[in-house]
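Right, one structure below, let's go through it.
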Amino acid sequence: MSCKILIVEDDAHIAKYIQTCLAVGNYESEICSDGLSAAERAGRGDLDLMLLDIMLPGLNGFEVMERIKSYGIPVIYLTAVCDVEDKVRGLKSGAEDYIVKPFEALELLARIELVLKRHRKAETLYTYGDITMDTERHTVEKAGEEIALSPKEFDVLAFFLQHQEIVISRERLLAAVWNCDFAGETRTVDTHVQQVRRKLQLQGRLVTVPTYGYKLLKRE
């Protein structure tokens, strides 16, 4: 599943850094350097998320938010403005999150994943060959037999089913499934992926990408 994210940032170096972070998460992105062009771009549709600075030429971030509110695009403020009043104003304006610069790439990816998860279309049933996952009932069946997964194993499987044919780094999986708890190590990810692979008999389908991570091959 490819997501398109608009980066609204007037500092070219910061914008490129954010774009590099998003590339690690396999996200497609565009950059707008002023508020007015960002509002116009949002009006064209096809955006899944906007990362919005506050201090912008043309329109500031709050003014952009007012203009695009009716479009239904989730917004994360990504700004150096750390004043509590501005943070409260930003969240009350309808933004999903407010991240203060500087930030860690993994934290940004984790926050993005949480927002996209909240806004993802209400798809609760996934099928993959003879595997059926119901995220509402929190059940997984293979060939009609229920398979017992731990909560984290369940989340790992759901993430792969939602991102088939995409190479997922261990760091991204750690950020997405374990959210912002980065005290864990990537071998935690390896252990859970191995368990999911074994329990669902996904050998040859949930494949290891050497030195990087994993990929779930799409079923024909």
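The values are calculated or read from the model by the stated rules, or taken from the named source; none is laboratory data. Values in this document were obtained by computation on a predicted structure and should not be read as measured data. The area values use the complete protein model at the heavy-atom level, side chains included, leaving out ligands, DNA and RNA. Shrake-Rupley method; radii C 1.70, N 1.55, O 1.52, S 1.80 Å.
Could you compute Rg(Cα) / (2.2 N^0.38 Å) for the stretch 49-150, with N its residue count?
On the way: Rg = 18.7 Å, N = 102, 2.2 N^0.38 = 12.8 Å.
The value comes to 1.47.
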Practice problem: Pull up the cross-link candidates among the aspartates and glutamates for Lys101, meaning alpha carbon to alpha carbon under 16 Å and not fewer than 8 places away within one chain. | Solution: Glu9, Asp10, Asp11, Asp53, Asp83, Asp86
Practice problem: Heads up, I need the accessible area for Glu145: 1.4 angstrom probe, whole protein in place, Å², nearest 10. | Solution: 120 Å²
Practice problem: Note the angle between two axes, namely the Cα long axis of helix 186-199 and the longest principal axis of the Cα atoms of the chain, as a number of degrees from 0 to 90, rounded to the nearest 10. | Solution: 40 degrees
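Report the convex hull volume per residue for the stretch 94-211, counting only C-alpha atoms, in Å³. Kindly include the intermediate steps, with their values, before the conclusion.
Details: hull volume 14.1 nm³, N = 118.
About 120 Å³ per residue, rounded to a whole number.
Pull up the DSSP beta bridges for the chain and report the antiparallel fraction as a percent, rounded to 5. Before the final figure, lay out the partial values.
Working: 16 of 32 bridges.
The antiparallel fraction comes to roughly 50 percent.
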Quiz item: lysines near Lys218 by alpha-carbon distance under 18 Å, same-chain residues fewer than 8 away left out - which ones?
Solution: Lys142
Quiz item: Alpha carbon centre of the stretch 62-99 versus the stretch 122-179: separation in Å?
Solution: 31 Å
Quiz item: To the nearest 10 square angstrom, how much accessible area does His119 have with a 1.4 angstrom probe?
Solution: 90 Å²
Quiz prompt | Accessible area, probe 1.4 Å, largest first, for residues Thr127, Thr186, Thr191, Thr211 | solution = Thr211, Thr127, Thr191, Thr186
Practice problem: For the chain, report the translational diffusion coefficient in µm²/s to the nearest whole number, using Stokes-Einstein at 20 °C, 1.002 mPa s, and a Kirkwood Rh over Cα pairs. | Solution: 115 µm²/s
